[in-house]
Amino acid sequence: MNALARIFASPQGIVFFVAVLFALVLGLINPAFFTPATLIDLARNGLVTGIFALGVMMVLASGGIDVSHTAIGAFAMYATMKIVLGIDLDLPIIAYFVIAAVIGAGLGLINGVLIGGLGLNTLIVTLGTLSFFRGALLTFLGTTYITSVPREVINFSRTILIRIENAVGQMVSLPASFLVLVAVTIVLAIIMNFTVFGRKVYAIGGSEEAAQRIGIRIKRVKVMIYVIAGAIAGLAGMTHVTLSRMANPFDLVGMELNVIAAVVLGGARITGGHGTVLGTLLGVFVITMINTTLLMAGVPSYWQKFVIGCLIIVGTGLPIVIDRLARHRQRMKRPLEAG
Amino acid sequence: MALNLRKLTAGVALGAALIVGAGAVTHAQDAKHSIVTVVKLSGIAWFNRMEEGVKEYAAETGHDATQVGPASADAALQVQMIEDLIAKKVDAITVVPNSPEALEPVLGKALDAGIKVVGHEASSLQNVTYDVEAFDNAAYGRHLMEALAQAMGGEGEYAVFVGHLTAKTHNEWVDAAIAYQKEKYPNMTLVTDKLESNEQQQTAYQKTKELLRTYPNLKGIQGSAGEDVVGAALAVEEAGLDGKVKIVGTSLVSVAGPYLETGAIDMISFWDPAKAGIAMNKVASMAIEGKEITDGMDLGVEGYNAIKLDGKVLYGQAWVDVTTDNMNDYDF
């Protein structure tokens, strides 16, 4: 009983529970849900959200928030395509991702300097840069869709890791861009768990005051956080191009709340200090599942947003309520034991 | 004479024109009208194409027809531009508003100043002389459904997309299409509610994947936002269902081109902004000259040969259908 309670109290536990419950209900309504093909579809559909979410998780863990990541991603993806088409050179696909990451890191640096350097509020700064980056993209880089993307990108989009048939005989495939998510996951997991920098991020998120007193150079760490988050957003943008096989400057912006919801659902707290790579991926999985399977469950379009909202409130609220109850119970117990 | 002079300075304001102009004043029809088209946003392919139409009209008629538009799709910037045009005392303003409601006051001011106002994509505008719409939304929806039904052979399951469930135009297209299908093609069935793509290709893709999984016998998809058909086509292609699922909808060649080429998208429709630009300017000229516009009239512009007049709103049948055969005629 105690162990079960502990699982419930941990954010990942509750998300996992929600995911399983949701999957069970879906499976009951539509047995076609329980197939490997569904899993592959989910992995494919959650790809861009997942990469974005990992960057946002790091920012949340440091006690900040970043709503500008989608604009960075859109800017990086469009600028990369413009540059490559402009120089007209055959580059390997990896170079595209490097260019996008560098552009993303550059934009992230602007966030970092404003937040870390000048000490401005993260929400205000990133709300500003969300509009700033997007405006700059549409004003200076263009508003036209790039539908004739380079051959390397098309070839990469057609590269498939796994290809299977689903229950009704349609092909379902996991594109090679899934490897980008895998790579970002591994690198970020190492940074957050096995480097001093990662520890500093959590320390700042836990208590900035305390972190400063133990000698952490907060400004420098914060700038670095936003640079890394920017680079990750750039990678997400480039991944988006390889999935859609076109670069639309109006894409991506608008999904930031979905990404933040996934991260929060995955156990990161807006107040900072908490957040894990695994939890975030779980949160992304749940959000993607909710977003892309309600149709299968026969939920009408108008109801889908309502259901998504309810699940986010329950998913993020329940762990906090359980946590508070547990503490309350502890407090009630203590005087008895003492007496 | 003093009156004539004032008219002249207001109209042409050029000393050189005085001699020629003296005759023109007596025949208002022959005068050079200054008509300015205010668009939502300058520099994008759609309105560049409209400008081509405006220039063509100017070259053809000799009227002073030009196009302006703000650098960002902002109603406030359009209001400023129209204020300037009122101060310049142009003869007519044609406008594609970013937000019809936001422009009502300034357009009212223009009308009070004796300027003719012609709207486009804004049938709800009150302060206009006329409003020109490329087509009646319901008729367009039926047109798309007819195309889809033809492609599907008049039977089978289909689904429809709208950009947003709150987008009025998209819903009007789709509602009319569904009603038309029920009446004319009883062997076709709509599998689920209107789906929302958020005007994002990837959302349309994901929803289509889900549709195919849930309704394996799906044979047709009708899109509304420009991205809908593209996302649907990608999903169909990936699922290995090329040719089995017919896709028809509103889009542009610049967006849907690659999929039209492969035949993954059967047909896209849109209206030609150049033609709309010419039609707006023609209507503005007629209003300046005091000519009446009547139901069933021919504006002499392709697609506007038998207009339907409903109050102040004129509807054409100016949709353009594009398949793999004629996609190279359109560069926007």
What tally of residues in segment A:92-111 results from selecting those that are over 19 Å from the mean Cα position of the chain (by Cα) and among the small types (Gly, Ala, Ser)?
2
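Every residue in segment A:18-43 that is within 14 Å of another protein chain (Cβ to nearest Cβ) and touching a Leu at 6+ places or on another chain (Cβ under 8 Å), please.
A:Phe33, A:Ile40, A:Ala43
For (1) within 14 Å of chain B (Cβ to nearest Cβ); (2) in a helix (DSSP H, G or I); (3) polar (S, T, N, Q); (4) free of Cβ contacts under 8 Å to residues at least 60 places away in the same chain, each residue gets a yes or a no:
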site	(1), (2), (3), (4)
A:Gly104	no, yes, no, no
A:Asn111	no, yes, yes, no
A:Ile115	no, yes, no, no
A:Leu130	no, yes, no, no
A:Ser157	yes, yes, yes, no
Looking only at segment A:257-283, count how many residues are modelled with pLDDT of 90 or more and within 14 Å of chain B (Cβ to nearest Cβ).
1
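Among the residues of segment B:166-190 satisfying the criterion of being over 20 Å from the mean Cα position of the chain (by Cα) and surrounded by 18 or more Cβ atoms within 10 Å (Cβ to Cβ), which is nearest to the other protein chains (Cβ to nearest Cβ)?
B:Ile178
Do we find that A:Ile232 is modelled with pLDDT of 90 or more, closer than 30 Å to A:Ser207 by Cβ and surrounded by 24 or more Cβ atoms within 10 Å (Cβ to Cβ) in this structure?
yes
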Residues that are closer than 27 Å to A:Met296 by Cα: which strands (runs of 3 or more DSSP E) entirely in segment B:216-332 hold 3 or more of them?
B:218-223, B:246-250
Could you list, in sequence order, the residues of segment B:59-91 that are surrounded by fewer than 17 Cβ atoms within 10 Å (Cβ to Cβ), in contact (Cβ under 8 Å) with a residue 60 or more places away in the chain and outside any loop (DSSP other than H, G, I, E, B)?
B:Thr61
It is to be established whether one or more residues within segment B:274-286 are aliphatic (A, V, I, L, M) and surrounded by fewer than 18 Cβ atoms within 10 Å (Cβ to Cβ).
no
Quick check: anything in segment A:182-204 touching a Leu at 6+ places or on another chain (Cβ under 6 Å), away from chain B (no Cβ under 14 Å), surrounded by 14 or more Cβ atoms within 10 Å (Cβ to Cβ) and touching a residue at least 24 places away in the same chain (Cβ under 8 Å)?
yes
Collect the residues in segment A:159-173 that are at the interface with chain B (Cβ under 9 Å from one of its Cβ atoms) and either closer than 16 Å to A:Asn45 by Cβ or within 23 Å of the chain's Cα centre (by Cα) (or both), keeping them in residue-number order.
A:Asn166, A:Gln170, A:Met171, A:Val172, A:Ser173
Would you pick out the residues in segment A:205-229 that are more than 30 Å from A:Pro175 (Cβ to Cβ) and buried (at least 24 other Cβ atoms within 10 Å of the Cβ)?
A:Gly205, A:Lys222
If we keep only residues of segment A:44-94 that are in a helix (DSSP H, G or I) and among the charged types (D, E, K, R), then the residue nearest to the other protein chains (Cβ to nearest Cβ) is A:Arg44
Just a yes or no: is a residue in segment A:293-314 surrounded by 16 or more Cβ atoms within 10 Å (Cβ to Cβ), in contact with a Leu (Cβ under 8 Å, 6 or more places away or on another chain) and more than 14 Å from chain B (Cβ to nearest Cβ)?
yes
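In the list B:Gly243, B:Gly257, which residue meets the criterion of being within 13 Å of another protein chain (Cβ to nearest Cβ), out of contact with any strand residue (DSSP E or B) (no Cβ under 8 Å at 6 or more places or on another chain) and closer than 27 Å to A:Val149 by Cβ?
Result: B:Gly257 is the single residue among B:Gly243, B:Gly257 that is within 13 Å of another protein chain (Cβ to nearest Cβ), out of contact with any strand residue (DSSP E or B) (no Cβ under 8 Å at 6 or more places or on another chain) and closer than 27 Å to A:Val149 by Cβ.
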Spot the failing condition for B:Lys32; the list is (1) of a type in the set (Lys, Arg); (2) at pLDDT below 80; (3) not in a helix (DSSP H, G or I), and only one is missed.
(2)
Counting only residues that are farther than 16 Å from B:Ala318 by Cα and touching a Leu at 6+ places or on another chain (Cβ under 7 Å), which one in segment B:130-159 is surrounded by the fewest Cβ atoms within 10 Å (Cβ to Cβ)?
B:Glu157
Unique match (being among the small types (Gly, Ala, Ser), over 21 Å from A:Ile225 (Cα atoms) and out of contact with any strand residue (DSSP E or B) (no Cβ under 7 Å at 6 or more places or on another chain)) among A:Ala261, A:Ala326
A:Ala326
Run A:Ala176 past the list (1) surrounded by 14 or more Cβ atoms within 10 Å (Cβ to Cβ); (2) farther than 30 Å from B:Phe47 by Cβ; (3) more than 14 Å from every other protein chain (Cβ to nearest Cβ); (4) not β-branched (Val, Ile, Thr) and report the number of the one that doesn't hold.
(3)
From the residues in segment B:191-232 that are of a type in the set (A, V, I, L, M) and within 26 Å of the chain's Cα centre (by Cα), which one is surrounded by the most Cβ atoms within 10 Å (Cβ to Cβ)?
B:Val230
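B:Ala147: under 24 Å from the mean Cα position of the chain (by Cα), within 14 Å of chain A (Cβ to nearest Cβ) and modelled with pLDDT of 95 or more, yes or no?
Criteria not met by B:Ala147.
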Out of the residues in segment A:31-70 that are closer than 28 Å to A:Leu21 by Cα and polar (S, T, N, Q), which is modelled with the lowest pLDDT?
A:Thr35
Extreme residue, farthest from the chain's Cα centre (by Cα), among residues of segment B:96-123 that are charged (D, E, K, R) and in a helix (DSSP H, G or I):
B:Asp112
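The values are calculated or read from the model by the stated rules, or taken from the named source; none is laboratory data. This one's a predicted model, so the numbers in the text were calculated from it and none came from an experiment. We place every Cβ from the backbone using ideal geometry, glycine too, and count neighbours over all the protein chains shown.
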